[in-house]
1. Rounding to the nearest 20 debye, state how big the charge dipole of the chain is about its Cα centre with +1 on each Lys and Arg Cβ and -1 on each Asp and Glu Cβ.
2. About the Cα centre of segment 39-197, how large is the charge dipole given +1 on each Lys and Arg Cβ and -1 on each Asp and Glu Cβ? Please answer in debye to the nearest 20.
3. Can you pull out the trypsin sites (Lys or Arg not before Pro) in segment 162-193 that DSSP calls coil and that have at most 12 other Cβ atoms within 10 Å?
4. Among V14, T118, G175, flag the residue with its Cα farthest along the positive direction of the charge dipole of the chain, charges on Cβ as +1 for Lys/Arg and -1 for Asp/Glu.
5. What is the mean projected area of the alpha carbon convex hull for the chain, to one decimal in square nanometres?
6. In sequence order, what are the phi-derived ³J(HN,Hα) couplings for segment 113-121 according to the Karplus relation 6.51 cos²θ - 1.76 cosθ + 1.60 with θ = phi - 60°, rounded to whole Hz, with x for glycine and proline?
7. With θ taken as phi - 60° and the coefficients 6.51, -1.76 and 1.60, list the Karplus ³J(HN,Hα) couplings across segment 141-155 in order, rounded to whole Hz; mark glycine and proline as x.
8. Show the residues, 5+ positions off or on another chain, whose built amide H is closer than 5 Å to the amide H of V137.
Amino acid sequence: MVLQIPGSITASKVTSFKECGLAFRLSVIDKIPQPPTVWTIRGALAHSVLERLYFYFDPEDRTRSAAMKLVEEVWAEPCTNTLIAELRDVPIPQGAYESLLDDTKSLVLKDFEAEDPTAVEVLATELKLETKLGDTVLRGVIDRLDRNPDGTLTVTDYKTGKMPVQDQENERLTGVYFYALLCEQVLGERPTRVQLIYLKDATRIVSVPTEQVLRGLTSKTKAIWKAVCNACEREDFRPRPSRLCKFCCYQELCPAQGGSLSLLDAFRNSHRKSNSDSRTSNDLAWDGTQTYAI
Ligand code: SF4
């Protein structure tokens, strides 16, 4: 059997394939959803709040109290309740559920330490872009696209996890470079700046997507796409054990963890059943904001 080649490539798929071929296959090709965690839900809530704050509010109205009202608004939405209800089946650290609302608030407030929201001119939030790259489709959703005072563009991506150690910093920037490439291809304008905002640490990592960087990224993405197609052809997605295994929901199917792919159908069915009425944390982000073309 030859596996179905994915319809498109995104920055997160590139990262996922590089991290572990088997986890990529199970998530992207077999489409077995990963259950939400308190951290993915908190991240989705914070993204949703910031996207609304920056798009709907005039710069001078982007205050801490407006942001806190938005957190309460998003928290009360039905899709948030649905997502949170799913946590009842997932083991979570003690107290994490109770502090979810407060943790989301403090994450959002950190953005005010990392930057001055009243000084940002926003063109779009949750901007979906896609273009052709060789024989595949390149897709991405940009958290925020800003117009700089000098007329150029900045791409912003919020991160709600831990900041990378220095030698992983370049790797983490791949996603925003990817978005810069999409801007160049679709909007005909290469951003002069990309930034990752690590909310927890109230820190920004800023970089310049030079022509050389984007050219390198294009070649790497094409090579990864070719590797994905070859792996589909040979049905050969290998596990790559790492520190990420302890967070992986596919351990039961992973030979490197004593599991077996022969359990795939049973695993998929049980998973479908438990997720039949549910949505993912990504769904929350999609519901919370619209797509705005420039
Ligand atoms: S447990 Fe580790 S090696 Fe196995 S699929 Fe998950 S991430 Fe890959």
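Any read-out appearing in this document is the output of simple, stated calculations on the displayed coordinates, not a laboratory observation. On a predicted model such as this, the values are computed, not experimentally measured, just so you know. Note: ideal-geometry Cβ built from the backbone for every residue, glycine included; neighbour counts use all protein chains shown.
1. 1060
2. Result for segment 39-197 is approximately 200 debye, rounded to the nearest 20.
3. Counting only loop positions with at most 12 other Cβ atoms within 10 Å, the trypsin sites (Lys or Arg not before Pro) in segment 162-193 are K162.
4. V14
5. The orientation-averaged projected area of the Cα hull of the chain comes to 15.7 nm².
6. 7, 6, 8, 9, x, 6, 9, 9, 9
7. With coefficients 6.51, -1.76 and 1.60, one gets 10, 8, 4, 7, 10, 10, 9, 7, x, 8, x, 8, 10, 10, 9 Hz.
8. I9
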